[in-house]
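So the structure is just underneath, and the comments pick up after that.
The values are calculated or read from the model by the stated rules, or taken from the named source; none is laboratory data. No experiment lies behind these values; they were computed from the predicted model shown. Counting neighbours? That spans all protein chains shown, and the Cβs are built from the backbone with ideal geometry, glycine included.
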Amino acid sequence: MKKIEISIFWYRRDLRLEDNVGLKSALESGLPVLPIFIFDDEILEDLPKNDGRLTFIYTSLRNIHLKLKNKNSSLLIKKGNIGEIWKALITEYDVKKVFFNRDYEPYAIKRDQKITTFLESKNIEVRNFKDQVIFEKNEILKADGKPYTVYTPYKNKWLEKFKQNPFTVEDENNLDWDSFYNYEMLFPSLENIGFVKSKQKVQPVNLSVISDYDLNRDFPAKNGTSYLSPHLRFGTVSIRKFVMIALERNAVFLSELIWREFFMQILFQFPKVVTHNFKSKYDGIKWRDSKEDFKRWCEGNTGYPLVDAGMRELNETGYMHNRVRMVTAGFLCKHLLIDWRWGEAYFAEKLLDYELSSNNGNWQWAAGTGCDAAPYFRVFNPALQLKKFDTNLEYTRKWIPEFDLGYSEPMVDHKFARERALSAYKIGLQQ
Ligand code: FAD
(Lines give C-alpha, C1' and ligand atoms only; values in the text may rest on other atoms or scores of the structure.)
Protein backbone atom coordinates (compact mmCIF):
# COMPACT_ATOMS: atom_id res chain seq x y z
CA MET A 1 0.00 0.00 0.00
CA LYS A 2 1.30 3.44 -0.86
CA LYS A 3 2.19 5.44 2.22
CA ILE A 4 0.69 8.90 2.50
CA GLU A 5 2.96 11.91 2.12
CA ILE A 6 3.49 13.84 5.33
CA SER A 7 5.30 16.77 6.93
CA ILE A 8 7.10 16.30 10.22
CA PHE A 9 7.29 18.92 12.95
CA TRP A 10 10.29 18.20 15.18
CA TYR A 11 9.73 19.40 18.75
CA ARG A 12 12.88 20.25 20.75
CA ARG A 13 12.81 23.21 23.15
CA ASP A 14 9.41 24.56 22.14
CA LEU A 15 7.08 22.19 23.96
CA ARG A 16 3.73 23.84 23.32
CA LEU A 17 0.97 24.07 20.74
CA GLU A 18 0.23 27.75 21.30
CA ASP A 19 2.10 30.40 19.32
CA ASN A 20 4.69 27.99 17.97
CA VAL A 21 6.16 29.47 14.77
CA GLY A 22 7.55 26.25 13.28
CA LEU A 23 4.48 24.21 14.09
CA LYS A 24 2.18 26.80 12.54
CA SER A 25 4.20 26.76 9.33
CA ALA A 26 4.16 22.97 9.26
CA LEU A 27 0.38 23.03 9.56
CA GLU A 28 0.27 25.34 6.54
CA SER A 29 2.46 22.97 4.49
CA GLY A 30 -0.46 21.34 2.73
CA LEU A 31 0.44 17.87 4.04
CA PRO A 32 -0.69 16.12 7.23
CA VAL A 33 1.69 16.96 10.05
CA LEU A 34 3.25 14.32 12.27
CA PRO A 35 4.67 15.98 15.41
CA ILE A 36 7.62 14.15 16.96
CA PHE A 37 10.02 14.45 19.89
CA ILE A 38 13.30 12.55 20.16
CA PHE A 39 15.04 11.90 23.49
CA ASP A 40 18.66 12.23 22.42
CA ASP A 41 20.87 9.47 23.87
CA GLU A 42 23.89 11.76 23.67
CA ILE A 43 22.26 14.24 26.07
CA LEU A 44 20.71 11.55 28.29
CA GLU A 45 24.11 9.98 28.84
CA ASP A 46 25.03 12.77 31.28
CA LEU A 47 21.76 12.88 33.22
CA PRO A 48 20.45 10.80 36.12
CA LYS A 49 17.21 8.98 35.30
CA ASN A 50 15.29 10.95 37.94
CA ASP A 51 16.52 14.34 36.69
CA GLY A 52 13.79 16.94 37.27
CA ARG A 53 14.19 18.31 33.77
CA LEU A 54 13.44 14.94 32.20
CA THR A 55 10.26 14.62 34.25
CA PHE A 56 9.27 18.16 33.23
CA ILE A 57 9.93 17.48 29.56
CA TYR A 58 7.98 14.24 29.77
CA THR A 59 4.99 15.92 31.46
CA SER A 60 4.99 18.75 28.93
CA LEU A 61 5.06 16.27 26.04
CA ARG A 62 2.20 14.31 27.56
CA ASN A 63 0.13 17.48 27.83
CA ILE A 64 0.64 18.10 24.13
CA HIS A 65 -0.19 14.49 23.33
CA LEU A 66 -3.44 14.56 25.31
CA LYS A 67 -4.62 17.65 23.45
CA LEU A 68 -3.75 16.03 20.13
CA LYS A 69 -5.49 12.84 21.13
CA ASN A 70 -8.72 14.80 21.49
CA LYS A 71 -8.33 15.64 17.83
CA ASN A 72 -7.55 12.06 16.79
CA SER A 73 -3.85 12.64 16.44
CA SER A 74 -0.77 11.89 18.55
CA LEU A 75 2.69 13.02 19.44
CA LEU A 76 5.26 10.46 18.38
CA ILE A 77 8.02 9.86 20.96
CA LYS A 78 11.37 8.32 20.07
CA LYS A 79 14.55 7.75 22.01
CA GLY A 80 18.01 6.95 20.71
CA ASN A 81 20.72 8.24 18.44
CA ILE A 82 19.32 11.25 16.57
CA GLY A 83 20.84 10.31 13.21
CA GLU A 84 19.62 6.72 13.43
CA ILE A 85 16.12 7.81 14.42
CA TRP A 86 15.87 10.11 11.42
CA LYS A 87 17.02 7.33 9.11
CA ALA A 88 14.30 5.08 10.50
CA LEU A 89 11.63 7.80 10.33
CA ILE A 90 12.08 8.44 6.64
CA THR A 91 11.92 4.73 5.93
CA GLU A 92 8.75 4.26 7.95
CA TYR A 93 6.96 7.35 6.60
CA ASP A 94 6.85 9.14 3.26
CA VAL A 95 8.30 12.37 4.63
CA LYS A 96 8.25 15.28 2.21
CA LYS A 97 8.97 18.21 4.51
CA VAL A 98 10.51 18.72 7.94
CA PHE A 99 9.98 21.77 10.14
CA PHE A 100 11.71 22.82 13.34
CA ASN A 101 12.50 25.92 15.40
CA ARG A 102 16.07 27.11 15.63
CA ASP A 103 18.30 26.44 18.63
CA TYR A 104 21.44 28.54 19.09
CA GLU A 105 23.61 26.36 21.33
CA PRO A 106 26.79 25.01 19.71
CA TYR A 107 25.75 21.34 20.09
CA ALA A 108 22.31 21.98 18.62
CA ILE A 109 23.66 24.00 15.70
CA LYS A 110 25.93 21.11 14.72
CA ARG A 111 23.20 18.51 15.17
CA ASP A 112 20.72 20.47 13.09
CA GLN A 113 23.24 21.02 10.30
CA LYS A 114 23.95 17.30 10.19
CA ILE A 115 20.30 16.27 10.09
CA THR A 116 19.44 18.97 7.54
CA THR A 117 22.22 17.81 5.21
CA PHE A 118 21.05 14.21 5.54
CA LEU A 119 17.38 15.00 4.90
CA GLU A 120 18.14 17.28 1.97
CA SER A 121 20.25 14.52 0.43
CA LYS A 122 17.04 12.47 0.42
CA ASN A 123 15.16 15.28 -1.33
CA ILE A 124 13.24 16.23 1.77
CA GLU A 125 12.57 19.93 2.21
CA VAL A 126 13.82 21.26 5.57
CA ARG A 127 12.67 24.56 7.02
CA ASN A 128 13.70 26.16 10.31
CA PHE A 129 12.30 29.15 12.18
CA LYS A 130 13.00 31.75 14.83
CA ASP A 131 10.80 30.98 17.79
CA GLN A 132 12.53 31.12 21.18
CA VAL A 133 13.63 34.75 20.97
CA ILE A 134 12.32 38.05 19.66
CA PHE A 135 15.65 38.85 17.95
CA GLU A 136 18.33 36.35 17.01
CA LYS A 137 21.76 35.98 15.47
CA ASN A 138 22.60 39.17 13.57
CA GLU A 139 19.34 41.04 14.02
CA ILE A 140 20.68 43.39 16.71
CA LEU A 141 24.06 44.75 15.65
CA LYS A 142 25.99 47.97 16.23
CA ALA A 143 26.18 50.58 13.46
CA ASP A 144 29.56 49.10 12.41
CA GLY A 145 27.97 45.67 11.94
CA LYS A 146 29.61 44.14 15.00
CA PRO A 147 27.71 42.45 17.84
CA TYR A 148 26.99 44.32 21.05
CA THR A 149 29.01 43.28 24.07
CA VAL A 150 27.50 45.80 26.49
CA TYR A 151 23.94 45.32 27.66
CA THR A 152 22.45 48.85 27.80
CA PRO A 153 23.12 49.86 24.19
CA TYR A 154 22.00 46.36 23.12
CA LYS A 155 18.76 46.83 25.02
CA ASN A 156 18.17 50.28 23.48
CA LYS A 157 18.66 48.89 19.99
CA TRP A 158 16.45 45.91 20.85
CA LEU A 159 13.64 48.23 21.97
CA GLU A 160 14.03 50.47 18.94
CA LYS A 161 13.84 47.49 16.60
CA PHE A 162 10.98 46.00 18.54
CA LYS A 163 8.86 49.12 17.95
CA GLN A 164 9.41 48.71 14.21
CA ASN A 165 8.51 45.01 14.16
CA PRO A 166 5.09 44.43 15.69
CA PHE A 167 4.00 40.79 15.99
CA THR A 168 0.94 38.84 16.97
CA VAL A 169 0.62 36.02 19.48
CA GLU A 170 -1.22 33.01 18.07
CA ASP A 171 -3.92 31.50 20.23
CA GLU A 172 -3.99 27.71 20.60
CA ASN A 173 -7.71 27.69 19.77
CA ASN A 174 -6.98 29.05 16.32
CA LEU A 175 -4.74 26.11 15.44
CA ASP A 176 -5.60 24.25 12.28
CA TRP A 177 -6.25 20.99 14.13
CA ASP A 178 -7.44 19.19 10.97
CA SER A 179 -3.97 19.43 9.49
CA PHE A 180 -2.40 17.05 12.02
CA TYR A 181 -1.71 13.54 10.81
CA ASN A 182 -4.75 11.49 11.67
CA TYR A 183 -3.57 8.56 13.74
CA GLU A 184 -3.60 7.44 17.33
CA MET A 185 -0.69 5.94 19.16
CA LEU A 186 -0.10 4.87 22.69
CA PHE A 187 1.97 7.35 24.65
CA PRO A 188 4.84 5.68 26.53
CA SER A 189 4.95 5.82 30.31
CA LEU A 190 7.85 7.61 32.01
CA GLU A 191 9.28 4.24 33.09
CA ASN A 192 8.87 2.89 29.57
CA ILE A 193 11.30 5.49 28.30
CA GLY A 194 13.69 4.54 31.08
CA PHE A 195 13.19 7.50 33.43
CA VAL A 196 12.25 7.68 37.10
CA LYS A 197 9.81 10.34 38.31
CA SER A 198 11.67 13.22 39.97
CA LYS A 199 10.76 14.62 43.36
CA GLN A 200 11.62 18.09 42.09
CA LYS A 201 8.86 20.11 40.50
CA VAL A 202 8.94 23.01 38.11
CA GLN A 203 6.81 25.78 39.62
CA PRO A 204 3.99 27.15 37.48
CA VAL A 205 4.53 30.64 36.08
CA ASN A 206 3.40 33.29 38.57
CA LEU A 207 1.83 36.08 36.52
CA SER A 208 0.55 37.98 39.54
CA VAL A 209 4.03 39.21 40.53
CA ILE A 210 4.79 41.04 37.30
CA SER A 211 3.11 44.40 38.06
CA ASP A 212 5.21 44.95 41.21
CA TYR A 213 8.23 43.02 39.96
CA ASP A 214 10.68 45.91 40.31
CA LEU A 215 9.72 46.40 43.98
CA ASN A 216 9.92 42.79 45.12
CA ARG A 217 12.27 40.88 42.85
CA ASP A 218 15.37 41.28 45.01
CA PHE A 219 13.98 39.77 48.20
CA PRO A 220 14.13 35.98 48.17
CA ALA A 221 11.54 35.56 50.94
CA LYS A 222 8.93 37.54 49.01
CA ASN A 223 8.25 35.12 46.14
CA GLY A 224 8.33 38.16 43.94
CA THR A 225 9.63 36.60 40.71
CA SER A 226 7.78 34.86 37.92
CA TYR A 227 9.32 31.34 37.82
CA LEU A 228 9.27 31.76 34.08
CA SER A 229 12.80 30.47 33.49
CA PRO A 230 12.26 26.69 33.06
CA HIS A 231 9.20 27.43 30.93
CA LEU A 232 11.23 29.62 28.60
CA ARG A 233 14.01 27.04 28.63
CA PHE A 234 11.75 24.27 27.39
CA GLY A 235 9.36 26.49 25.47
CA THR A 236 6.24 25.54 27.37
CA VAL A 237 5.35 29.23 27.06
CA SER A 238 5.86 31.68 24.22
CA ILE A 239 8.41 34.47 24.68
CA ARG A 240 6.23 36.72 22.50
CA LYS A 241 3.32 36.34 24.90
CA PHE A 242 5.48 37.31 27.89
CA VAL A 243 7.08 40.25 26.13
CA MET A 244 3.57 41.57 25.45
CA ILE A 245 2.64 41.10 29.12
CA ALA A 246 5.89 42.78 30.23
CA LEU A 247 5.23 45.73 27.93
CA GLU A 248 1.88 46.30 29.55
CA ARG A 249 2.89 45.73 33.15
CA ASN A 250 6.53 46.29 34.04
CA ALA A 251 9.55 47.75 32.25
CA VAL A 252 12.07 46.13 34.61
CA PHE A 253 10.58 42.71 33.91
CA LEU A 254 10.95 43.40 30.19
CA SER A 255 14.61 44.32 30.77
CA GLU A 256 15.19 40.90 32.31
CA LEU A 257 13.73 39.18 29.27
CA ILE A 258 16.12 41.25 27.16
CA TRP A 259 19.07 40.12 29.35
CA ARG A 260 18.13 36.58 28.35
CA GLU A 261 18.40 37.46 24.66
CA PHE A 262 21.57 39.47 25.24
CA PHE A 263 23.33 36.40 26.64
CA MET A 264 21.89 34.21 23.87
CA GLN A 265 23.40 36.43 21.21
CA ILE A 266 26.70 36.53 23.12
CA LEU A 267 26.84 32.72 23.06
CA PHE A 268 25.91 32.66 19.38
CA GLN A 269 28.46 35.32 18.40
CA PHE A 270 31.24 34.21 20.76
CA PRO A 271 30.95 30.44 21.25
CA LYS A 272 34.39 30.40 22.90
CA VAL A 273 32.71 31.63 26.12
CA VAL A 274 31.57 28.05 26.78
CA THR A 275 35.08 27.18 27.88
CA HIS A 276 36.98 30.50 27.97
CA ASN A 277 36.83 33.87 29.68
CA PHE A 278 34.99 36.34 27.46
CA LYS A 279 37.77 38.80 28.35
CA SER A 280 41.01 36.96 27.76
CA LYS A 281 42.94 39.53 29.82
CA TYR A 282 41.76 37.51 32.82
CA ASP A 283 43.21 34.21 31.57
CA GLY A 284 46.18 34.62 33.90
CA ILE A 285 44.17 34.40 37.14
CA LYS A 286 45.47 31.59 39.28
CA TRP A 287 42.37 29.91 40.69
CA ARG A 288 42.59 27.91 43.88
CA ASP A 289 41.88 24.29 43.02
CA SER A 290 40.49 23.46 46.45
CA LYS A 291 38.12 20.50 46.11
CA GLU A 292 37.47 20.67 49.83
CA ASP A 293 36.31 24.30 49.77
CA PHE A 294 34.28 23.64 46.64
CA LYS A 295 32.49 20.78 48.38
CA ARG A 296 31.57 23.02 51.32
CA TRP A 297 30.15 25.57 48.90
CA CYS A 298 28.17 22.91 47.00
CA GLU A 299 26.71 21.53 50.18
CA GLY A 300 25.85 24.92 51.67
CA ASN A 301 28.31 24.72 54.57
CA THR A 302 30.33 27.89 54.19
CA GLY A 303 29.14 29.50 57.43
CA TYR A 304 27.71 32.44 55.45
CA PRO A 305 23.95 32.10 55.94
CA LEU A 306 22.78 33.61 52.64
CA VAL A 307 25.26 31.54 50.63
CA ASP A 308 24.30 28.37 52.47
CA ALA A 309 20.57 29.00 52.25
CA GLY A 310 20.89 29.51 48.50
CA MET A 311 22.91 26.36 47.90
CA ARG A 312 20.50 24.33 49.98
CA GLU A 313 17.53 25.76 48.09
CA LEU A 314 19.26 24.76 44.86
CA ASN A 315 20.11 21.25 46.05
CA GLU A 316 16.63 20.60 47.29
CA THR A 317 14.44 22.24 44.66
CA GLY A 318 16.52 22.77 41.52
CA TYR A 319 15.84 26.52 41.79
CA MET A 320 17.62 29.45 43.41
CA HIS A 321 16.49 33.05 43.64
CA ASN A 322 18.43 35.42 41.33
CA ARG A 323 19.80 37.68 44.09
CA VAL A 324 21.09 34.62 45.89
CA ARG A 325 22.56 33.18 42.66
CA MET A 326 24.57 36.40 42.39
CA VAL A 327 25.77 36.13 45.98
CA THR A 328 26.65 32.42 45.87
CA ALA A 329 28.43 32.77 42.53
CA GLY A 330 30.36 35.83 43.66
CA PHE A 331 31.35 34.03 46.85
CA LEU A 332 32.76 31.05 44.97
CA CYS A 333 34.78 33.14 42.52
CA LYS A 334 35.98 35.87 44.85
CA HIS A 335 35.94 34.60 48.45
CA LEU A 336 37.06 31.09 47.61
CA LEU A 337 38.90 32.08 44.44
CA ILE A 338 37.60 28.99 42.67
CA ASP A 339 37.26 28.93 38.88
CA TRP A 340 33.82 30.11 37.73
CA ARG A 341 33.71 27.05 35.43
CA TRP A 342 33.40 24.77 38.49
CA GLY A 343 30.44 26.71 39.79
CA GLU A 344 28.88 26.97 36.35
CA ALA A 345 29.07 23.19 35.94
CA TYR A 346 27.49 22.65 39.35
CA PHE A 347 24.59 24.99 38.54
CA ALA A 348 24.21 23.29 35.14
CA GLU A 349 23.80 19.97 36.86
CA LYS A 350 21.29 21.22 39.42
CA LEU A 351 19.18 24.00 37.91
CA LEU A 352 15.82 23.03 36.43
CA ASP A 353 16.05 26.21 34.37
CA TYR A 354 19.62 25.54 33.26
CA GLU A 355 20.29 27.51 30.09
CA LEU A 356 23.83 27.48 28.74
CA SER A 357 23.76 31.11 27.59
CA SER A 358 22.27 32.61 30.79
CA ASN A 359 24.26 30.42 33.13
CA ASN A 360 27.56 31.09 31.41
CA GLY A 361 26.84 34.81 30.97
CA ASN A 362 25.88 35.29 34.61
CA TRP A 363 28.77 33.23 35.96
CA GLN A 364 31.23 35.23 33.93
CA TRP A 365 29.48 38.38 35.12
CA ALA A 366 29.96 37.28 38.74
CA ALA A 367 33.60 36.37 38.13
CA GLY A 368 34.25 39.67 36.38
CA THR A 369 35.56 37.86 33.29
CA GLY A 370 32.48 38.30 31.10
CA CYS A 371 31.07 40.88 28.74
CA ASP A 372 29.61 43.81 30.63
CA ALA A 373 30.58 42.08 33.85
CA ALA A 374 30.75 43.47 37.35
CA PRO A 375 34.20 45.06 37.74
CA TYR A 376 36.56 42.54 39.30
CA PHE A 377 37.19 44.71 42.35
CA ARG A 378 33.49 44.69 43.27
CA VAL A 379 33.28 41.96 45.89
CA PHE A 380 29.88 41.33 47.45
CA ASN A 381 29.92 41.23 51.22
CA PRO A 382 27.64 38.24 51.92
CA ALA A 383 26.84 39.44 55.44
CA LEU A 384 25.68 42.84 54.16
CA GLN A 385 23.71 41.20 51.35
CA LEU A 386 21.94 39.15 53.99
CA LYS A 387 21.09 42.23 56.04
CA LYS A 388 19.80 44.07 53.02
CA PHE A 389 17.86 41.36 51.19
CA ASP A 390 16.80 38.95 53.94
CA THR A 391 16.53 41.38 56.82
CA ASN A 392 14.13 39.23 58.84
CA LEU A 393 16.07 36.04 58.06
CA GLU A 394 12.91 34.46 56.70
CA TYR A 395 14.59 32.92 53.67
CA THR A 396 17.63 31.92 55.70
CA ARG A 397 15.60 30.12 58.37
CA LYS A 398 13.54 28.35 55.71
CA TRP A 399 16.61 26.67 54.23
CA ILE A 400 18.78 26.44 57.34
CA PRO A 401 16.55 24.99 60.07
CA GLU A 402 19.46 24.82 62.54
CA PHE A 403 20.18 28.53 62.11
CA ASP A 404 18.98 29.61 65.57
CA LEU A 405 20.78 26.79 67.35
CA GLY A 406 24.13 28.50 66.89
CA TYR A 407 25.35 28.65 63.32
CA SER A 408 28.83 27.60 62.21
CA GLU A 409 31.66 30.12 61.80
CA PRO A 410 32.40 31.54 58.33
CA MET A 411 34.88 29.27 56.52
CA VAL A 412 36.89 32.30 55.45
CA ASP A 413 37.12 35.85 56.81
CA HIS A 414 35.52 38.39 54.47
CA LYS A 415 38.29 41.00 54.68
CA PHE A 416 41.03 38.43 54.17
CA ALA A 417 39.20 36.80 51.26
CA ARG A 418 38.51 40.14 49.61
CA GLU A 419 42.16 41.13 49.69
CA ARG A 420 43.28 37.71 48.48
CA ALA A 421 40.89 37.98 45.52
CA LEU A 422 41.93 41.51 44.59
CA SER A 423 45.55 40.54 44.68
CA ALA A 424 45.02 37.35 42.60
CA TYR A 425 43.06 39.30 39.97
CA LYS A 426 45.68 42.04 39.84
CA ILE A 427 48.52 39.56 39.41
CA GLY A 428 46.43 37.64 36.87
CA LEU A 429 45.93 40.79 34.82
CA GLN A 430 49.68 41.31 34.61
CA GLN A 431 50.37 37.83 33.21
P1 FAD B 1 12.38 36.54 37.02
O2 FAD B 1 13.10 37.45 37.92
O3 FAD B 1 10.88 36.46 37.15
O4 FAD B 1 12.79 36.92 35.57
C5 FAD B 1 11.98 36.64 34.42
C6 FAD B 1 12.82 36.05 33.33
O7 FAD B 1 13.82 36.97 32.89
C8 FAD B 1 13.60 34.82 33.77
O9 FAD B 1 12.78 33.68 33.74
C10 FAD B 1 14.72 34.79 32.75
O11 FAD B 1 14.28 34.25 31.53
C12 FAD B 1 15.01 36.26 32.53
N13 FAD B 1 16.10 36.68 33.41
C14 FAD B 1 16.02 37.20 34.65
N15 FAD B 1 17.24 37.51 35.13
C16 FAD B 1 18.12 37.14 34.18
C17 FAD B 1 19.53 37.20 34.07
N18 FAD B 1 20.30 37.69 35.05
N19 FAD B 1 20.12 36.69 32.97
C20 FAD B 1 19.39 36.19 31.96
N21 FAD B 1 18.03 36.13 31.98
C22 FAD B 1 17.41 36.60 33.09
N23 FAD B 1 18.70 31.93 34.25
C24 FAD B 1 18.32 30.89 33.51
O25 FAD B 1 17.24 30.94 32.89
N26 FAD B 1 19.09 29.77 33.41
C27 FAD B 1 20.28 29.65 34.06
O28 FAD B 1 20.95 28.62 33.94
C29 FAD B 1 20.69 30.73 34.88
N30 FAD B 1 21.85 30.66 35.57
C31 FAD B 1 22.23 31.74 36.36
C32 FAD B 1 23.44 31.68 37.06
C33 FAD B 1 23.86 32.73 37.85
C34 FAD B 1 25.18 32.67 38.58
C35 FAD B 1 23.05 33.88 37.97
C36 FAD B 1 23.47 35.04 38.82
C37 FAD B 1 21.85 33.96 37.27
C38 FAD B 1 21.43 32.90 36.46
N39 FAD B 1 20.22 32.95 35.73
C40 FAD B 1 19.84 31.89 34.94
C41 FAD B 1 19.42 34.20 35.67
C42 FAD B 1 18.32 34.34 36.73
O43 FAD B 1 18.83 34.08 38.01
C44 FAD B 1 17.14 33.41 36.48
O45 FAD B 1 16.67 33.58 35.16
C46 FAD B 1 15.98 33.71 37.42
O47 FAD B 1 16.39 33.61 38.75
C48 FAD B 1 14.85 32.73 37.15
O49 FAD B 1 13.79 32.93 38.02
P50 FAD B 1 12.48 33.67 37.52
O51 FAD B 1 12.00 33.09 36.24
O52 FAD B 1 11.52 33.69 38.68
O53 FAD B 1 13.04 35.10 37.24
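Listed values, structure above:
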| quantity | calculated |
| --- | --- |
| So S208, is it of a type outside the set (A, V, I, L, M, F, W, C), assigned to a loop (DSSP other than H, G, I, E, B) and either more than 22 Å from the chain's Cα centre (by Cα) or under 30 Å from R325 (Cβ atoms) (or both) | no |
| Test for T149: is it polar (S, T, N, Q), in contact with a His (Cβ under 9 Å, 6 or more places away or on another chain) and touching a residue at least 12 places away in the same chain (Cβ under 8 Å) | no |
| Conditions (1) buried (at least 21 other Cβ atoms within 10 Å of the Cβ); (2) within 15 Å of the ligand (Cβ to nearest atom); (3) farther than 19 Å from H414 by Cα: number failed by P382 | (3) |
| Wholly enclosed helices (runs of 4 or more DSSP H) of segment 1-99 bearing at least 1 residues closer than 30 Å to F347 by Cβ and among the hydroxyl-bearing types (S, T, Y) | 52-69 |
| Total residues in segment 309-341, condition buried (at least 24 other Cβ atoms within 10 Å of the Cβ) and either away from the ligand (no atom under 16 Å from the Cβ) or of a type in the set (S, T, Y) (or both) | 1 |
| Options N362, N392; residue that is over 21 Å from R288 (Cβ atoms) and within 13 Å of the ligand (Cβ to nearest atom) | N362 |
| All positions within segment 87-120 that are surrounded by 15 or more Cβ atoms within 10 Å (Cβ to Cβ) and of a type in the set (G, A, S) | A108 |
| Residues being charged (D, E, K, R), closer than 22 Å to K350 by Cβ and surrounded by fewer than 19 Cβ atoms within 10 Å (Cβ to Cβ) - total across segment 197-217 | 3 |
| Within segment 18-34, tally of residues that are touching a strand residue (DSSP E or B) at 6+ places or on another chain (Cβ under 9 Å) and more than 13 Å from D131 (Cα to Cα) | 8 |
| So E419, is it surrounded by fewer than 17 Cβ atoms within 10 Å (Cβ to Cβ) and assigned to a loop (DSSP other than H, G, I, E, B) | no |
| Looking only at segment 342-356, and only at residues there that are within 8 Å of the ligand (Cβ to nearest atom) and either in contact with a Cys (Cβ under 7 Å, 6 or more places away or on another chain) or assigned to a helix (DSSP H, G or I) (or both), the one that is farthest from A417 (Cα to Cα) | L356 |
| Test: residue in segment 265-279 that is within 11 Å of the ligand (Cβ to nearest atom), of a type in the set (D, E, K, R) and in contact (Cβ under 8 Å) with a residue 40 or more places away in the chain | no |
| Residue that is of a type in the set (F, W, Y) and either on the phi > 0 side of the Ramachandran plot or modelled with pLDDT under 95 (or both), where the choices are Y227, Y181 | Y227 |
| Among the residues listed as F167, F195, the single one being modelled with pLDDT under 95 and more than 16 Å from the ligand (Cβ to nearest atom) | F167 |
| Any hit, segment 102-116, residues being assigned to a loop (DSSP other than H, G, I, E, B) and among the small types (G, A, S) | no |
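Yes or no, residue by residue, for (1) in contact (Cβ under 8 Å) with a residue 24 or more places away in the chain; (2) within 16 Å of the ligand (Cβ to nearest atom); (3) out of contact with any His (no Cβ under 7 Å at 6 or more places or on another chain); (4) not aromatic (F, W, Y):
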position: K137; (1), (2), (3), (4): yes, no, yes, yes
position: Y183; (1), (2), (3), (4): yes, no, yes, no
position: P220; (1), (2), (3), (4): yes, yes, no, yes
position: S238; (1), (2), (3), (4): yes, yes, yes, yes
